[in-house]
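Down below is the structure, laid out as structure tokens.
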Amino acid sequence: MKKTLSFFLAGILSIALFISPAYAQVSQYVVDVKIPEAIEKMPLPLSVQLTQNTQIQRVLLHYREFGKTEYKQADMLLSGRTASATIPAKSVIAPYIEYYISMQLANNKQATFPSESPRSNPLKIQVKELDEKDMEVRFLSPEPGETLAAEDLAVAVSLMYTSDAVDTKNTRIYLDGVDVTDEAIIADDVLLYNPANFKKPLSLGSHSIKIELRDTLGKAYYTKHQEFNLSTATAIEMEKAKLQYNGNAQAEFRNEKIDDKSTNYIRGDVHLGSVYKDYTFSGDVHLTNEEKSYLQPQNRFLAAIQAADIAKVQVGDAYPQFPSLFVSGKRVRGVTGSVTLGYFNLDVSYGKTDRSIEGTLGSLIAYADSSAAASRAKETVFERFGGQNPDYATPMDTLFYRMFTSGTFSRNIFAIRPSFGSGENFQFGLTYLKSKDDKASIKYGTYPKENVVAGADLLLAFDDQRVRWASQAAMSLENNDITIGSYTDEEIDEFKGVNDPTKTPEQRQKAQEEADDLKKIAKTMRSFITVNADLSPLDPIKGMPSLAFESELSLNYFNNYIRAMLFRRGISYSSYGNDFIQNDIAGFNISDRVRFLQNKIIASISYENKWNNTQNEAGTPTTSYNTFNTYVTAYPGINLPSFTIGYGLYTRKNPIELNTNSSPLDSILVANESTNRFFLSSNYDFHMLVRNSLSASLSIANKKDNTFYKRDQDNVNFSALVVSSFSIPLQTTFGFIINHTAAYSMPDTSGVNATTTQKFDYQTLTLGARYRLLDDRLNLLATIAPSFGDFKRLLMQAGAEYQVMENHYLVSQFDFIDNSGRASDTIFSILYRFMF
């Protein structure tokens, strides 16, 4: 009876687990998003399983930290039906990360996941917080997992950072489960133990150390374990001198029939790794038949060598790490390297971010007259024919042109950052980035560009980084058309109209002053970038339009983690190393995370205010954005469900007032809206007949548009999922989704009450099973997921994983998607993978 009551209670309470975010949504293009457990300040890889990739050309991950309104973007590596990316460790901050996926389709259309209002209603990834108590005990020797000679073993544990609630003198130490506290000593907050005093000889192999802290009342406070290995000095030296290697490879064939089009994909991946003494080598190759001369590279190559923690060189497709204002998530095909000495460090990257793709020519067309030829479009090729054109019955010396679609120039990039300090307490860095299109790389192309960014970053940290201040600043120059090269001084005079006879003497005098100022700037800038009319900004000093900076201070004391950031990016700021950075924005944000009742309750709160029009231009309306978020998570204890409840308020407003005489631009820019968001989740593991994990989530968003358009929006999404593990090798999944979205709008500003409503309601059921056979060598999988309502679809999946022999695996999957209103889709794949 108690078990039954517990089961029903769980069903009521779990109006809100935070489950896999992809499960709570359905999409025409996305089947699932696979996300491992997110741990604070650890890189978070995630992958998106697509329904197909015939129509999908590019996939972007948009993510933001708790309390932030601005999304960061990362290109996802598209391989078959899987797109993958990694959120960097510095962005994995509790209590959660919000994200959505955008996809560029073959027909130049865009799709998103979730499909409805993804920016205002993103998905969530709950981030597990690091246990602050874990940082209070620090093993100085041996290091985690270290293998050392028995005669070199010495145990040293720092207790310097323990809480005032800890009685360090009452600390207990255990070696292989044996209490050896009496043989240990504590000196200057360091616990020391010499295993030579151990009662029995330590054998070679794995061993463990356990440190047990007690509070001032003698009660258990925290326990920390660490493993290490013992060997002989001779064996360790022999192992270091021995070349160790490993690797894995896989080959895949896939067929996708989307609508009436069938496409085959063939891909192969190889990874090699080896270690010799203090040197580490690795190599990665990804080959696919999707590699085409008219696309950016689909194949990937990377070879790397690292010498201890001192130096590293990568050749091929690398993702260099620089301060985010300069480079973020950018693939560079070339050479990337670093030297890390602590007192001095150097990071360098040189290569190509885009390869050349030739433009395509159109048909030959005759000009009406010579004046039309003189004013021809830039995307044309000018041709003059003497005599009769064989394709056209036209007179001699007729002027012709060919329209063409502009191609892509090859783009080179060079970035360098010398820095001083290890980054533990101090680091100062200087970064320079230069990126330029190669004008000669293609024949049919327009607007080759160039970009230069320079700046500095500073890190100061104190008290074991409980106080941390990190800042970066940069200025940029961008030229949007370097075709004609740099202006000479005479061309600058002409550009400014110094000798324009139509100007008054006063106007010519002002033009001369402006030209002289530009000449002074150009004299220096020509060494770094092409200087002509397409340079932005022409004067980077006046108003600092290309200045960007951000400065963040964090404090970690008394169970509070406080962060405050000030940022600004001018309207002209641009870096070709970070394509997605938002410019013309400034503001601040502040957040706090508080722990209560020995981390059983964790509360977070944040506020951000930002605005555009950083140049304070009088004729440009300033739009302000305000975001307020709260989040509380409770962990009552073992065998009890956990709860999370959150609330957010987002507003966007500017002074534009719409009426019947408003301009079309005002109709686009007008903003006066607020969005309330509520989130509730729970998770409960229990045993009823079998082991079950029950989860559910409820999210509600209400947008209120106070402009004439009344573009209100309501969204409610509820999902529940139960995963059951049986005593037999069977695991089942049952879940459902209920979604309601309503969008309202008034078609014009006439003031007539003619509000229209669009609704999007759907329900999805999911039934899945996995069964293991032949001593787990064979895994059979099946899923059926019908969707009803405004989104009608039947998804059926069947798959098998078979271990052919040791380290050799064969994986196959078949998907059938019955679409409403169009042809069904089928996808079949077979993959062979082996490790060595």
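The values are calculated or read from the model by the stated rules, or taken from the named source; none is laboratory data. Keep in mind that what you see is a predicted model, and the values were worked out from it rather than measured. Don't worry about glycine lacking a Cβ; one is built from the backbone with ideal geometry, like all the others, and counts go over all protein chains shown. These area figures cover heavy atoms from the full protein model, side chains too; ligands, DNA and RNA do not enter into them. Shrake-Rupley method; radii C 1.70, N 1.55, O 1.52, S 1.80 Å.
Overview of values
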| read-out | value |
| --- | --- |
| Qualifying residue in the stretch 3-21 (condition: at pLDDT 80 or above, open to solvent by less than 50 Å² (accessible area, probe 1.4 Å), over 10 Å from the mean Cα position of the chain (by Cα) and over 29 Å from ASN299 (Cβ atoms)) | no |
| Pair list, Cβ < 8 Å and 6+ apart or interchain, from the stretch 646-666 residues that are under 30 Å from LEU680 (Cα atoms) to residues that are open to solvent by 30 Å² or more (accessible area, probe 1.4 Å) and part of a loop (DSSP other than H, G, I, E, B) | TYR650/SER120 |
| Only listed residue being in contact with a Leu (Cβ under 9 Å, 6 or more places away or on another chain) and either over 21 Å from LEU123 (Cα atoms) or among the basic types (Lys, Arg) (or both), chosen from THR675, THR733 | THR733 |
| Residues satisfying the stated conditions in the stretch 560-578, i.e. of a type in the set (Gly, Ala, Ser) and closer than 30 Å to SER163 by Cβ | ALA564 |
| Residues (among the small types (Gly, Ala, Ser) and in contact with a helix residue (DSSP H, G or I) (Cβ under 6 Å, 6 or more places away or on another chain)) located in the stretch 114-162 | ALA149 |
| Options PRO636, PRO621; residue that is in contact with a Leu (Cβ under 7 Å, 6 or more places away or on another chain) and of a type outside the set (A, V, I, L, M, F, W, C) | PRO621 |
| Top-ranked residue in the stretch 614-639 [being in a loop (DSSP other than H, G, I, E, B) and without any contact (Cβ under 8 Å) to a residue 24 or more places away in the chain; ranked as nearest to SER681 (Cα to Cα)] | ILE638 |
| Residue check, ASN248 closer than 30 Å to GLU290 by Cβ, under 31 Å from the mean Cα position of the chain (by Cα) and loosely packed, with under 13 Cβ neighbours inside 10 Å | no |
| Hits in the stretch 738-750 - residues which are of a type in the set (Ser, Thr, Tyr), part of a strand (DSSP E or B) and either surrounded by fewer than 12 Cβ atoms within 10 Å (Cβ to Cβ) or at pLDDT below 90 (or both) | TYR744, SER745 |
| Strands (runs of 3 or more DSSP E) completely within the stretch 311-411 that count 3 or more residues being closer than 24 Å to GLN296 by Cα and at pLDDT below 90 | 360-366, 398-405 |
| Residues (open to solvent by less than 40 Å² (accessible area, probe 1.4 Å) and part of a strand (DSSP E or B)) located in the stretch 705-722 | ASP705, GLN713, ASN715, ASN717, SER719, ALA720, LEU721, VAL722 |
| Number of the condition not met by THR51 [criteria: (1) surrounded by fewer than 20 Cβ atoms within 10 Å (Cβ to Cβ); (2) touching a Lys or Arg at 6+ places or on another chain (Cβ under 8 Å)] | (1) |
| Pairs, first open to solvent by less than 60 Å² (accessible area, probe 1.4 Å) and of a type outside the set (S, T, N, Q) in the stretch 486-506, second assigned to a loop (DSSP other than H, G, I, E, B) and modelled with pLDDT of 85 or more, C-beta under 6 Å, six or more apart | TYR487/VAL531; TYR487/ASN532 |
| Top-ranked residue in the stretch 549-567 [being buried (at least 17 other Cβ atoms within 10 Å of the Cβ) and more than 21 Å from the chain's Cα centre (by Cα); ranked as farthest from ARG595 (Cα to Cα)] | SER554 |
| Filter result for the condition that a residue is under 27 Å from the mean Cα position of the chain (by Cα), closer than 20 Å to ALA249 by Cα and open to solvent by 40 Å² or more (accessible area, probe 1.4 Å), over LEU295, LEU287 | LEU287 |
| Whichever residue in the stretch 139-174 is among the charged types (D, E, K, R) and within 42 Å of the chain's Cα centre (by Cα) and, among such residues, is modelled with the highest pLDDT | GLU143 |
| Flag for SER719 being touching a strand residue (DSSP E or B) at 6+ places or on another chain (Cβ under 9 Å) and over 18 Å from THR675 (Cβ atoms) | yes |
